[in-house]
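Below is one structure, written out as structure tokens; comments come after it.
The values are calculated or read from the model by the stated rules, or taken from the named source; none is laboratory data. Just so it is clear, the model here is predicted, and its values are computed rather than measured. All Cβ positions, glycine included, derive from the backbone under ideal geometry; neighbour counts span all protein chains shown.
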Ligand SMILES: [Zn+2]
């Protein structure tokens, strides 16, 4: 069994150990030591990083009771090696992890919910509870957790004797085989845990819940502590600064500025839609005047508009103000499909049959009004309708 130096020396950065076993992998060695400061991936928390014999350690896992280090280099069995952990990474994890104990202890004491899931890695930091919490509950818990943090409670980890353990009431995520390691936050919480901890809650610095969602009948919280909370705060401020710059607004005026932009966009969309309608009506009227002058109108008409398909109805109503025969409106869509509307005679049902047979058009309607769509091109459709005396 590898001696777990990180359990009693959570603040040590360097150590020396003897290599007990080496297995070769592709470009890496899987190294077992007689003792290690490297915390392996366990309890939902990602492993420590660092170097062993000068080579980067990229993974640390527990296999058959031993702690196996994935080392980017070659190490010989039986030799003494020097190891160093990435202290910055370890310390941030200790801040995040100790913060979780403070928060979960409070949730248990005030709501009776257990912490049933915990994930801590570079990309995620979540705590799951087997009961629901409201936004108000979470704000209250966050407030109290930060008070405990600033009060500076001592944190202690130890292996109690069987007798001592039997007399204690503590939180635990799972049934534990073998010796139980307890982590106590003085006057606040007692929990079984295998992970390195801070010495005092004041070192957590700050705890912030970022978001929460319903999860498996309970709740999942995203959170940050200490230096990672500071990183998150900086990221949020950068976003606000960027948004403020884009909107030419002070941070506190950003919501009002966004409302203003939305309102302007809505007005513009409305004015654009009015302009398009006027253009459609104008084009139809001018076409009709030209047809009347040339005496080329047989009462039928076909129009093509590059506009929203929602304007088919409007264009048809405008066309039928002038033309007494069959009116066809085509609106080509992005991606090649053409939407159409045909009205003015019962004969449009026959036209629809023709479009279906020749172009596989889809659609339908009744009583002299048929709408549909087809993949035929505008030219093909103009040709088809021209044969029917429409165009
Ligand atoms: Zn813990």
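Key figures for this structure:
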| quantity | calculated |
| --- | --- |
| Residue check for residue 42: touching a strand residue (DSSP E or B) at 6+ places or on another chain (Cβ under 8 Å) and either within 30 Å of residue 115 (Cα to Cα) or buried (at least 17 other Cβ atoms within 10 Å of the Cβ) (or both) | yes |
| Any chance residue 81 is in contact with a helix residue (DSSP H, G or I) (Cβ under 8 Å, 6 or more places away or on another chain), at pLDDT 95 or above and surrounded by 17 or more Cβ atoms within 10 Å (Cβ to Cβ) | no |
| Residue match in segment 133-146 (condition: part of a strand (DSSP E or B), closer than 22 Å to residue 92 by Cβ, at pLDDT 95 or above and not assigned by TED's automatic domain parsing to the domain that holds residue 9) | no |
| First in segment 187-202 and assigned by TED's automatic domain parsing to the domain that holds residue 106, second anywhere and in a loop (DSSP other than H, G, I, E, B) and near the ligand (Cβ under 10 Å from one of its atoms), Cβ under 7 Å, 6 or more apart | 192/181; 193/43; 193/181; 194/43; 194/181; 195/43 |
| Segment 129-172, residues that are under 16 Å from residue 193 (Cβ atoms) and in contact (Cβ under 8 Å) with a residue 60 or more places away in the chain | 157, 171 |
| Residue match in segment 224-242 (condition: assigned to a strand (DSSP E or B), in contact with a strand residue (DSSP E or B) (Cβ under 9 Å, 6 or more places away or on another chain) and within 30 Å of residue 8 (Cα to Cα)) | yes |
| Count - residues of segment 107-131 that are within 16 Å of the ligand (Cβ to nearest atom) and in a helix (DSSP H, G or I) | 2 |
| Pick from segment 191-208, criterion within 27 Å of residue 166 (Cβ to Cβ) and not in a loop (DSSP other than H, G, I, E, B), ranking: farthest from the ligand (Cβ to nearest atom) | 192 |
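Every residue, every condition in (1) under 30 Å from the mean Cα position of the chain (by Cα); (2) surrounded by 21 or more Cβ atoms within 10 Å (Cβ to Cβ), yes or no:
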{"site": "185", "(1), (2)": "no, yes"}
{"site": "202", "(1), (2)": "no, no"}
{"site": "206", "(1), (2)": "yes, no"}
{"site": "211", "(1), (2)": "yes, no"}
{"site": "219", "(1), (2)": "yes, yes"}
{"site": "223", "(1), (2)": "yes, yes"}
